[in-house]
1. Could you work out the helix-only [θ] at 222 nm for the chain, with each DSSP H run of four or more residues adding -39,500 (n - 2.57) and the total divided by the number of residues, to the nearest 500 deg cm²/dmol?
2. Express in nm, to one decimal, how much length is gained between Asn6 and Lys128 on full extension, taking 0.36 nm for each residue of separation and deducting their alpha carbon distance.
3. Before I look further, what does region 58-146 give for accessible area per residue, probe 1.4 Å, in whole square angstrom?
4. In whole Å, what three semi-axes, largest first, describe the equivalent ellipsoid of region 75-167 built from its Cα gyration tensor (square root of 5 times each eigenvalue)?
5. Do you know the relative contact order of the chain, to the nearest whole percent, from alpha carbon pairs under 8 angstrom that are 6+ apart?
6. Please list 283-292, 265-274, 111-120, 160-169 highest first by mean number of surrounding beta-carbon atoms within 10 Å per residue.
7. Determine the sum of side-chain charges near Ile145: Lys and Arg each +1, Asp and Glu each -1, restricted to other residues whose C-beta is under 13 angstrom from that of Ile145.
8. Grab the beta carbon distance between Ala56 and Asp92, set R0 = 30 Å, and tell me the FRET efficiency rounded to 0.05.
Amino acid sequence: MTNTINMPMIGLGTWLIPNDVVERVSTDAINAGYRHIDTAQAYRNEEGIGHALQKASVPRKEMFITTKMWPGMFGQEEPFQTFEGVMNACDDSLRLLQINEIDLYLIHNPFAKDLRLEQWEAMIELKKQGKVKNIGVSNYNVKHIKEIEDANLQMPSANQIEIHPYHIVREDLQKYMDHHTILPIAYSSLAPIPNWREGSQWNGKPEDMKSGAMPCQEMANKYEVTVPQLLLKWAIQLGYPILPKSVNMERLKENIDLDHFSISRDDIKIMSKMAKDDQKCLAWSGGFDPIDVD
Ligand SMILES: NC(=O)c1ccc[n+]([C@@H]2O[C@H](COP(=O)([O-])OP(=O)(O)OC[C@H]3O[C@@H](n4cnc5c(N)ncnc54)[C@H](OP(=O)(O)O)[C@@H]3O)[C@@H](O)[C@H]2O)c1
């Protein structure tokens, strides 16, 4: 896997961090050493991140900012974004984040079946105009990316997807992304831990994962690290940049403190086999996997 867009391997995830809290969390994260922040139009917290970037002790050029355009959602009344809508969404994100250029701009999901290519053409135009440095997609499967390839358009540089030992990248998707140098970025790396998104309606854990037991605890003990650190390192050793989210300073530090150990090949393999057959996405509620949409 090649990180052609030179993005930091660790970024701050900000889904479910309210706008009035995210400035403090982003500032803590930057002070703890994070140089990448991942947000989205749909998270409604770009404004708070913009305030943190303005006040940051670190120059803008040392930071990497990812945000995502919400393409619309089927089954809801909101319309799917057109070319014009994507252009406007990007302008809104730039204004709220108070930056001149987004380092990585993604289409959040492939839901806009009939407008997917039109939306992608707008992403290419945004890159041409210098408003975004790199363009990519999120929650896309092979069939969605192949539409872009078949239309002979510039290919995405990255695909942000749910990746952890219970939801490994499907083989066909991994091969396709490798072939086209599309970087897989891992979200929800900590979904296997019991307190993941505790109390949130978005905690989509199936019954068999609700036991309260930490997975891989013995393995984590062997490396003298915590289970969250083990899960995060697993992704990094497989080449996936990660986006751990925490509002807690101690955890922010824990989640970035990953350089002092290395997981053996055998243990990586054991972790990668934790997935049950047909394990669905956990990040989206109700066992729904966005990667399966038409
Ligand atoms: N593209 C997409 O569709 C998509 C979907 C989902 C996520 N994402 C991105 O990926 C990011 C990460 O995914 P995520 O938000 O699902 O969750 P995550 O980073 O896998 O886990 C976050 C949860 O784990 C807890 N936590 C964090 N560090 C911990 C530690 N060291 N020990 C124990 N608990 C810890 C957090 O609680 P506290 O905050 O209380 O510490 C929170 O409940 C998101 O924030 C978002 O930026 C993208």
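1. Working: 10 runs with 104 residues, N = 294.
So the helix-based figure for the chain works out to -10500 deg cm²/dmol.
2. Working: separation 122, 0.36 × 122 = 43.92 nm, distance 1.92 nm.
Gain on stretching Asn6 to Lys128: 42.0 nm.
3. Numbers: 3720 Å² over 89 residues.
Using a 1.4 Å probe on heavy atoms only, each residue of region 58-146 averages 42 Å².
4. Details: eigenvalues 84, 52, 45 Å².
Taking √(5λ) for each eigenvalue gives 20, 16, 15 Å, largest first.
5. On the way: 519 pairs, mean separation 57.0, N = 294.
Once normalised by length, the contact order is 19 percent.
6. Details: 283-292: 15.6, 265-274: 13.6, 111-120: 18.5, 160-169: 22.7.
Those peptides, ordered most packed to least, come out 160-169, 111-120, 283-292, 265-274.
7. Details: positive: Arg116, Lys143, Lys146, Arg170, Lys175; negative: Glu147, Glu149, Asp150, Asp172, Asp178.
Summing Lys and Arg as +1 and Asp and Glu as -1 gives 0.
8. On the way: r = 21 Å, r/R0 = 0.71.
The formula returns an efficiency of 0.90 here.
The values are calculated or read from the model by the stated rules, or taken from the named source; none is laboratory data. What you see is a predicted model; the values in this text were computed from it and never measured. Backbone-built Cβ (ideal geometry, glycine too); neighbour counts: all protein chains shown. Heavy atoms of the whole protein, side chains included, go into the accessibility calculation; ligands, DNA and RNA do not. Shrake-Rupley method; radii C 1.70, N 1.55, O 1.52, S 1.80 Å.
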